[in-house]
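J.: Here's a structure for you.
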2 protein chains.
Amino acid sequence: MTTPKRWKIALILLTAFLSKQTIHSQTAVPAKAREYRIAHQTQIVDEFASLLALPNLATDKANIRRNADAIRTMLEKRGVTAKLLEVPDSPPIVYGEMSAPGRKHTLVFYVHYDGQPVDASQWTTPPWVPTIRDKALEDGGKAMRLTELPQALPPETRIYARSAGDDKAPIQALMSALDALKAANISPSVNLKFFFEGEEEAGSGHLPDAIRQYADLLHADAWILCDGPVHQSRRMELSFGARGVVDLEMTIYGPARVLHSGHYGNWAPNPGSLMANLLASMRDDNAHIKIAGFYDDVRPLTDSERAAIQAMPDIDGSLRNELALAWTEGSPSSLAMQIMQPALNIRGIEVGHVGAKTQNAISTEARASIDFRLVPDESPDKVKALVERHIQQQGFYIMHQTPTLDERRAHPRIVKLDWGSGYPAARTSIDLPVSRAVISNVESTRGGPIVIVPSSGGSVPMYLFTDVLKTPVISFPIANHDDNQHAANENLRLQNLWDGIEMFAGLIAGVENNWK
Amino acid sequence: MTTPKRWKIALILLTAFLSKQTIHSQTAVPAKAREYRIAHQTQIVDEFASLLALPNLATDKANIRRNADAIRTMLEKRGVTAKLLEVPDSPPIVYGEMSAPGRKHTLVFYVHYDGQPVDASQWTTPPWVPTIRDKALEDGGKAMRLTELPQALPPETRIYARSAGDDKAPIQALMSALDALKAANISPSVNLKFFFEGEEEAGSGHLPDAIRQYADLLHADAWILCDGPVHQSRRMELSFGARGVVDLEMTIYGPARVLHSGHYGNWAPNPGSLMANLLASMRDDNAHIKIAGFYDDVRPLTDSERAAIQAMPDIDGSLRNELALAWTEGSPSSLAMQIMQPALNIRGIEVGHVGAKTQNAISTEARASIDFRLVPDESPDKVKALVERHIQQQGFYIMHQTPTLDERRAHPRIVKLDWGSGYPAARTSIDLPVSRAVISNVESTRGGPIVIVPSSGGSVPMYLFTDVLKTPVISFPIANHDDNQHAANENLRLQNLWDGIEMFAGLIAGVENNWK
């Protein structure tokens, strides 16, 4: 045989081998992963507890680096080529690569390993002393010794520690998924990259720089964002977008000193009244934004997105009851549908005093704090321009610094605007081949309905991936919805970890087969 | 002569005697009072300082009664029949009568002897240690010993003590005016009553009861209210009314717990937005109240009132400059004209947080504090009804106590309204004979233009006199406008005390001659 011929045969054999292995994984992966997990339960929890025992505030330089080193070691143990990506004055990003020979697609898994600050006095057991309980603390959960875990764990068994849910759980789930696949001799169906950030809870201040600096490493078909909890119904959830955000602080000025409301009331401009009237000109009771042009750039929902929203579990009724609400803005439109629109949220208004502290006085200024939630394809800069034009049309003179007294003497109705920089929304089409592949993979692994969220209402800078890196993003959370994220007694329900291992194993081993 | 004849002659002689004395007093009273004052300057200041040395918080039961006793003694020293009018749980009212034989008209002088609470740490010299200074503290005024006062005092000499201006000054001025008249052998031209209240600064909570309880004592042609400062131009001022007031605290409810503005913004009702829209429905930027019917009962100004307002010194320009205002509500209408109208003043709005403390959150409630300033002939009860009708028309469900969670589940847009009891405005016509008499008397005593204010913008319960007792009220202040009323380092400019003595002497001795 000529050398090329020999190569050809080898390639055919390899392809046949891989195909066989693929077919195998398509049907058996979740079962294999479960088998592995049941056999290695204590070992998995033990490794997870070791990771959770490392204090992980982004500002705690020594400890946050201990986390990064530990995670790098965890990756290397699985044969992942790992390194720390350094950005000045920032916790390192733990980066890893694992290539799947002959596979053309690549997924990047994003997780963050830092956690929210803690108020240790509010924790039942210390935040970095991982503690297993047979059920939730609120339900009387009792601590269990790690070495005494029964084979069949009670279904609500949880591990309590800072970042148990947010966001170290997906790190452990991914590592154990790789272990399970290796034990079953199943190869990944896609090339894998891992991008574990260390300052998400501190605001991801260096993420934009890091993304741009290391863009060459980050080519991929999609980012899989593993953060946050699954749907309240406990169904698996995939989310394809997030709203953008722009913050605005407004200050309107009255007289230079506080005036008696009897002696000067309806002559001295009342800044509270000016603020109420300005806010009222911007938004009605039903969440409709009255600023001209605000909805011009809103991308209409696709039929698939509408269908996905229709298919979401209806939680509005139970939420209204829980929140003691007799009505909701935009009713009968659902929460899921409402957050597909931009929002003007009044976060705060501060004028003089109310109640027992009130004074018969006209205040010197009125302040309001707003966030605008943006949807595709609104740009923060255009939103700022539209808002400023609207405010000018209401008769205000806009300044971006505090006016002097002489400036106040010169201009009626001064408003000072302090804009946050903000960032745009991101939304990945659920009709992309990669989206369809991930959806059908997770559905088949799960073997039941999942929740497909075209966009979540909150804001995360997904645009860095979708707009800067031009890469689709799919959010794939695994934590329980009642994990006390950001609060005291944060926890992860172990069943959610088990599910995560199966889901990630299924995705890594099989997604290529769902790719059409 | 028959007895009736003898009586007739006696009456003629008496009338001639009184006429002579009246003519005398008409021309010479201010000069006589000045002569007396110059001769007794130290003695007057000494008596005043003794009164100011008595701590006079309405809540300080022992001391407030020492004030009442001291004032009663001061009255009795002048031949005034004095007693304490007791109302349970309240400082006594010091009441006095001095009849003028053969005179048909009666004036009641109202003054209050209690003072505002003090923060002693803010005072340069202690609040109840009266201290004379050769000019205002802000201008470097130096303390002078009482026994070393020069005959010709510097024009800005002031006495510093709590209540020096507000409101013990008129007590001293009245007493010294009586002394001056007696020394010059000039009899009062009217019957005199004195009504010195002891809890004005604590809110006059017992005044309505006292007025009703002692109504039989209080028959008079007019009340002369001696309180507050004269016009900023330092001209003498007579004021014929005050606005009424009704306070309102509003609370609008959002979700039962604070919600993430990204995940729930434009679905969960935003109480800040509801509050802004409600307030905007009630008042425009130019002080116009948009509540239907609000102006229906407003009594139009008379030609005399319009003329008086036109004749007032124009202080708007200097006030705008002082207050750093480029515009005023209702412009080009003046401050004096604006306060003749009712007002809706936003005193405070409180929703969530602004600035550094802001959170990406939808608040559980929004609160606003309002005062309505009323003018004749608006009634507090009707105003309350109009406001509630308006709020209902905006789609709100009104409650007067805090809603339970179940009530919040049952009713959309709940607003809780907490009304203060309030009281109506009062305005005495400047065209009444007594008004004309007092105006022309003060003008001739002063020998120069005075300021005639048809109504002041602030609220005092003058209605007790005008509506309950059906007696006209004229406000006749004597303190300097820069007396630090209610604040630390309160003071009275001694020239204002001297002026007060002359003005009161002129009024008491001569007003009958101005009565047409």
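J.: Could you work out [θ]222 nm for chain B from helices alone, using -39500 (n - 2.57) per DSSP H run of at least four and dividing by all its residues? Round to the nearest 500 deg cm²/dmol.
T.: Details: 13 runs with 180 residues, N = 516.
Result for chain B: -11000 deg cm²/dmol, rounded to the nearest 500.
J.: Label residue B:219 and residue B:62 with points 7 Å out from Cα along Cα→Cβ: what is the distance between them in nm?
T.: Those two pseudo-labels are separated by 4.2 nm.
J.: Might you report the magnitude of the Cβ-based charge dipole of region A:359-415 about its Cα centre, with Lys and Arg at +1 and Asp and Glu at -1, to the nearest 20 debye? Display every interim value, and only then the final one.
T.: Values: 8 positive and 8 negative charges, 37 e Å.
It comes to approximately 180 debye.
J.: Loop only per DSSP, at most 16 neighbouring Cβ atoms within 10 Å: give me the trypsin sites (Lys or Arg not before Pro) in region B:115-190, ordered by residue number. Don't skip to the answer; put the middle values down first.
T.: Values: sites: B:133, B:135, B:142, B:145, B:158, B:162, B:168, B:182; in loops: B:135, B:142, B:145, B:162, B:168.
Sites meeting the loop and neighbour criteria: B:135, B:142, B:145.
J.: Next question. Remind me, relative contact order of region A:133-206 in percent, using alpha carbon pairs under 8 angstrom and six or more residues apart? Let's see the in-between values first.
T.: Values: 31 pairs, mean separation 15.7, N = 74.
Relative contact order of region A:133-206: 21 percent.
J.: Please report the antiparallel percentage of DSSP beta bridges with both residues in the protein assembly as shown, rounded to the nearest 5.
T.: Numbers: 101 of 145 bridges.
Percentage antiparallel, nearest 5: 70.
J.: Subtracting the Cα-Cα distance from 0.36 nm times the residue separation, let me have the gained length for residue A:103 to residue A:429 in nm, one decimal.
T.: Details: separation 326, 0.36 × 326 = 117.36 nm, distance 2.35 nm.
Extra length available between residue A:103 and residue A:429 comes to 115.0 nm.
J.: Using only alpha carbon pairs under 8 Å that are at least six residues apart, calculate the relative contact order of chain A and give it in whole percent. Intermediate values should be presented prior to the final figure.
T.: Working: 1000 pairs, mean separation 128.4, N = 516.
Taking the mean separation of contacting Cα pairs over the length of chain A, I get 25 percent.
J.: Using Cβ counts within 10 Å as a stand-in for footprinting exposure, how do A:507, A:57 rank, fewest first? Kindly include the intermediate steps, with their values, before the conclusion.
T.: Working: A:507 25, A:57 20.
Ranked by crowding around the Cβ, least crowded first: A:57, A:507.
J.: Once the Cα atoms of helix A:61-77 and of chain A are each reduced to a long axis, what angle between those two axes, in degrees from 0 to 90 to the nearest 10, is obtained?
T.: 30 degrees
J.: Can you give me the Kirkwood hydrodynamic radius for region A:93-189, using every pair of distinct Cα atoms, in Å to one decimal? Show your work: numbers first, answer last.
T.: Working: mean 1/r = 0.0616 Å⁻¹.
Result for region A:93-189, one decimal place: 16.2 Å.
J.: Residues with amide H under 5 Å of residue B:456's amide H, sequence separation 5 or more or different chain, H placed in the peptide plane at 1.01 Å from N; which?
T.: B:240, B:241, B:242, B:243
J.: Aspartates and glutamates near residue A:32 by alpha-carbon distance under 14 Å, same-chain residues fewer than 8 away left out - which ones?
T.: A:179, A:499, A:502
J.: Quick check: the angle from helix B:3-52's long axis to the longest principal axis of chain B, C-alpha only, nearest 10 degrees?
T.: 60 degrees
J.: Kindly give the semi-axes, whole Å and largest first, of the ellipsoid equivalent to the protein assembly as shown, taking each as the square root of 5 times a Cα gyration tensor eigenvalue. Don't skip to the end; give the middle numbers.
T.: Numbers: eigenvalues 1342, 146, 121 Å².
They are 82, 27, 25 Å, listed from largest to smallest.
J.: 7 Å from Cα along Cα→Cβ at both residue B:315 and residue B:122: what's the point-to-point distance in nm?
T.: So the label points at residue B:315 and residue B:122 sit 2.1 nm apart.
J.: Charges at C-beta only: +1 for Lys and Arg, -1 for Asp and Glu. How large is the resulting dipole of the protein assembly as shown about its Cα centre, in Debye rounded to 20?
T.: 340 debye
J.: Two decimals is fine: what is log10 I(q)/I(0) at q = 0.15, 0.19, 0.22 Å⁻¹ for region A:151-284, from a Debye sum with one equal scatterer on every Cα and no solvent?
T.: Taking Cα atoms of region A:151-284 as identical point scatterers yields -1.00, -1.35, -1.54.
J.: Calculate how large, on average over all directions, the projected area of the Cα convex hull of region B:420-516 is; give the answer in nm² to one decimal.
T.: On the way: hull surface 31.7 nm².
Projected area, direction-averaged: 7.9 nm².
J.: Please arrange A:78, A:427, A:243 by counting, for each residue, the other beta carbons lying within 10 Å of its beta carbon, fewest first.
T.: Numbers: A:78 19, A:427 26, A:243 30.
Lowest count first: A:78, A:427, A:243.
J.: Report the FRET efficiency, 1/(1 + (r/R0)^6), for residue A:53 and residue A:212, where r is their Cβ-Cβ distance and R0 is 35 Å, rounded to 0.05. Each step should come with its number before you reach the end.
T.: Details: r = 34 Å, r/R0 = 0.97.
Efficiency computed from Cβ-Cβ geometry: 0.55.
J.: Would you work out which of B:198, B:147, B:213 lies farthest towards the positive end of the dipole of region B:137-234, given +1 charges on the beta-carbon of Lys and Arg and -1 on that of Asp and Glu, about the Cα centre?
T.: Of the candidates, B:147 comes out farthest on the positive side.
J.: Let me check against my output: what whole-number percent is the relative contact order of region B:373-516, with C-alpha pairs under 8 Å and at least 6 apart?
T.: Numbers: 135 pairs, mean separation 35.1, N = 144.
Relative CO of region B:373-516 lands at 24 percent.
J.: Of the beta bridges DSSP finds with both residues in chain B, what % are antiparallel, to the nearest 5? Numbers along the way, then the final one.
T.: Numbers: 48 of 70 bridges.
Antiparallel bridges: around 70 percent, rounded to the nearest 5.
J.: A further question follows. For chain A, what is the Kirkwood estimate of the hydrodynamic radius, computed as the reciprocal of the mean inverse distance between distinct Cα atoms, to one decimal in Å? Don't skip to the answer; put the middle values down first.
T.: On the way: mean 1/r = 0.0392 Å⁻¹.
The Cα-based Kirkwood calculation yields 25.5 Å.
J.: A further question follows. Please get the size of the charge dipole for chain B, origin at its Cα centre, with Cβ charges of +1 on Lys and Arg and -1 on Asp and Glu, quoted in debye to the nearest 20. Can you show the working numbers first?
T.: Working: 52 positive and 59 negative charges, 240 e Å.
Roughly 1160 debye for chain B.
J.: Any idea how far apart residue A:443 and residue B:296 come out in nm if each label point goes 7 Å out from Cα toward Cβ?
T.: Result for the modelled spin labels: 6.4 nm.
J.: Past the 17 angstrom mark, what percentage of all C-alpha to C-alpha distances in region A:461-516 do you count?
T.: On the way: 910 of 1540 pairs.
Value for region A:461-516 (Cα pairs over 17 Å): 59 percent.
J.: Let me ask another. Fewest to most neighbouring Cβ within 10 Å: what's the order for A:331, A:475?
T.: A:331, A:475
J.: Helix A:494-514 versus the longest principal axis of chain A: what is the Cα-based angle in degrees, 0 to 90, to the nearest 10?
T.: So the helix axis and the longest Cα principal axis differ by about 70 degrees.
J.: For a bin width of 5 Å, list the pair-distance distribution of region B:261-367 built from all Cα-Cα distances, rounded to whole %.
T.: It works out to 2, 9, 14, 15, 14, 13, 11, 8, 6, 4, 2, 1, 0, in whole percents.
Bear in mind these aren't lab numbers, they're just calculated from the coordinates by the rules spelled out. Computed from a predicted structure; not experimentally measured. For neighbour counting, all protein chains shown are included, and Cβ atoms are generated from backbone atoms with ideal geometry for every residue, glycine included.
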